[in-house]
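Trainee: First, the structure itself, so that you have it in front of you.
Every number in this text was worked out from the coordinates using simple rules, so none of it is lab data. Note that the structure is a prediction, hence the values are computed from the model and not measured. Cβ placement follows ideal geometry from the backbone for every residue including glycine, while neighbour counts extend to all protein chains displayed.
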Amino acid sequence: MMRVVLWNLFLFLLPFVLTALWAAWVRRTSPREAVLRSWSQATLVGAVLVVSSLLVWRFSTGDAPGKTYIPPAFKDGQVVPGRFE
């Protein structure tokens, strides 16, 4: 679960980092409105990336409804992974 949270945080922050790099590069030649507009676009792109990754995660993990989850357990000195039955 932590991996999913970190991945979504990365996807959300990536447009902001790219926008900050771009804004630093063009700050001398661009008007202030263009820089502010780029931050709002970065927010929108970040939100779209997070929502799309959550949708992909939702439809690519888990199992059919109604199944029982069997958690991981030790058996004969080995870890048996969790599963649905």
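Trainee: Quick one: putting +1 on the C-beta of Lys and Arg, -1 on the C-beta of Asp and Glu, what dipole do you get for the chain around its Cα centre, in Debye to the nearest 20?
Mentor: Once rounded to the nearest 20, the dipole reads 340 debye.
Trainee: In addition: Over all alpha-carbon pairs in the chain, figure out the percentage whose distance exceeds 17 Å. Write down the numbers at each step before the final one.
Mentor: Details: 2306 of 3570 pairs.
Percent of Cα pairs beyond 17 Å in the chain: 65.
Trainee: Just want to confirm a number: the relative contact order over the chain, from Cα pairs under 8 angstrom separated by 6+ residues, in percent.
Mentor: 26
Trainee: Farthest toward the dipole's positive end in the range 2-84, which of Leu44, Phe74, Trp25, given Cβ charges of +1 (Lys, Arg) and -1 (Asp, Glu) about the Cα centre?
Mentor: Trp25
Trainee: Quick one: which of 71-84, 10-23, 47-60 comes out on top by average Cβ neighbours within 10 Å, and what's the full order, highest first?
Mentor: Ranked by mean Cβ neighbours within 10 Å, highest first: 10-23, 47-60, 71-84.
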